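Visitor: Handing you this structure, nothing more for now.
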Amino acid sequence: EGRQALISYFQAKGFFDVTVDSQFKKLSNGVTILYQITRQQKHKVFDINISGNKQISTDDLSSHLNVEKARWFSHGKFSEQLVRTSAKNLQAVYQSEGFSSVVVVPKVENHGGDIKVAFQVTEGPRDIVSALTIEGADTFPQSKFAPVGLKLAAGQPYSQAHVEADRASIMAHYLQDGYLTSSFRETATIVSKNDPHHINVVYHIDEGPLVYAGDILT
């Protein structure tokens with residue numbers, strides 16, 4: 001942890017190639033820990049580029065990057081870990097919008113000591129809800145458990161993020177109205193092997209009994 005903290009500190013100062021080695025020595029009267037720091041050359045991030053994105057704008061994607069371009073009094077933010085995290089963040093944004101097979105490949109270029117970071121996006125096809133069926137909601141209508149509608153709907157993108165949002169909303173409304181043991185599960189099946197990106201979705205709701213207040217004692 002100490003080694004990683006030192007690396008992060010110096011990288012924030014522009015020493016992106018810094019190396020930190022640690023030596024642990026046990027002595028008769030205690031322990032000595034020596035950190036050997038080699039700062040290397042100072043750099044700055046002069047450009048960050050996202051390409052291949054057609055369905056989601058660059059502005060919407062850029063807010064999810066952990067690497068930062070150099071500005072006044074700042075060399076920017078860069079490390080291999082930040083680049084990997086940024087790529088994963090971009091991939092997560094696409095997956096939440098129904099692009100389950102998206103691939104994001106980062107590339108780092110060194111131009112005379114200064115850094116350019118590029119993210120190549122291969123979006124792939126979008127998963128679409130072909131049909132949404134709700135089963136088990138026998139006594140509690142959709143107008144009550146989803147008063148503002150559901151994230152998933154026929155013709156809309158399919159993603160687990162939307163399913164989880166629907167799950168949270170549906171269960172919250174059931175609990176609020178006294179269905180204390182209600183549960184939710186979802187099944188998703190592709191329409192056909194020749195059309196793996198159109199999905200039939202079923203929301204299974206087990207309402208359980210409606211619980212009423214008994215005596216109230218003060």
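The values are calculated or read from the model by the stated rules, or taken from the named source; none is laboratory data. All values derive from a computational prediction rather than experimental measurement. Using ideal geometry, Cβ is built from the backbone for each residue, glycine included, and neighbour counts are taken over all protein chains shown. Note: accessible area is taken over every heavy atom of the protein model, side chains too, but ligands, DNA and RNA are not part of it. Shrake-Rupley method; radii C 1.70, N 1.55, O 1.52, S 1.80 Å.
Visitor: Go through the range 197-218 and report how many residues are out of contact with any helix residue (DSSP H, G or I) (no Cβ under 8 Å at 6 or more places or on another chain) and assigned to a loop (DSSP other than H, G, I, E, B).
Guide: 11
Visitor: Would you say L152 is part of a loop (DSSP other than H, G, I, E, B) and either buried (at least 16 other Cβ atoms within 10 Å of the Cβ) or at pLDDT 95 or above (or both)?
Guide: yes
Visitor: Under 7 Å between Cβ atoms, which residue pairs at least 6 apart in sequence (or on different chains) link something in the range 157-169 that is touching a residue at least 24 places away in the same chain (Cβ under 8 Å) and closer than 20 Å to I190 by Cα with a partner that is open to solvent by less than 40 Å² (accessible area, probe 1.4 Å) and of a type in the set (S, T, N, Q)?
Guide: Hits for this filter: S159/S96; A161/S96.
Visitor: Which of the residues that make up the range 97-120 are polar (S, T, N, Q) and under 16 Å from the mean Cα position of the chain (by Cα)?
Guide: S100, S101
Visitor: Out of the range 43-66, which residues are closer than 12 Å to F16 by Cα and free of Cβ contacts under 8 Å to residues at least 60 places away in the same chain?
Guide: Matches in the range 43-66: none.
Visitor: State whether one or more residues within the range 128-137 are touching a residue at least 60 places away in the same chain (Cβ under 8 Å) and of a type in the set (S, T, Y). Talk me through it step by step, then tell me what you get.
Guide: Our first condition is that a residue be touching a residue at least 60 places away in the same chain (Cβ under 8 Å); within the range 128-137, this holds for 128-137.
This time we only want the ones that are of a type in the set (S, T, Y), so: 130, 133.
So far as the range 128-137 goes, yes, one or more of its residues are touching a residue at least 60 places away in the same chain (Cβ under 8 Å) and of a type in the set (S, T, Y).
Visitor: What residue, among those in the range 165-196 that are part of a loop (DSSP other than H, G, I, E, B) and farther than 17 Å from G208 by Cα, is least open to solvent (accessible area, probe 1.4 Å)?
Guide: Checked the range 165-196; the qualifying residue least open to solvent (accessible area, probe 1.4 Å) is N194.
Visitor: Let me ask something else. Consider Q120 against the criteria (1) over 27 Å from Y179 (Cβ atoms); (2) in a strand (DSSP E or B); (3) touching a helix residue (DSSP H, G or I) at 6+ places or on another chain (Cβ under 9 Å): it satisfies all of them except one. Which criterion is unmet?
Guide: (3)
Visitor: Consider the range 98-117. How many of its residues are in a loop (DSSP other than H, G, I, E, B), open to solvent by 50 Å² or more (accessible area, probe 1.4 Å) and modelled with pLDDT of 95 or more?
Guide: 0
Visitor: A further question on this structure: Anything in the range 123-149 that is more than 25 Å from H198 (Cα to Cα) and either open to solvent by 50 Å² or more (accessible area, probe 1.4 Å) or not in a loop (DSSP other than H, G, I, E, B) (or both)? List them, or say none.
Guide: Hits for the range 123-149 are D138, T139, P141, S143, K144, F145, P147.
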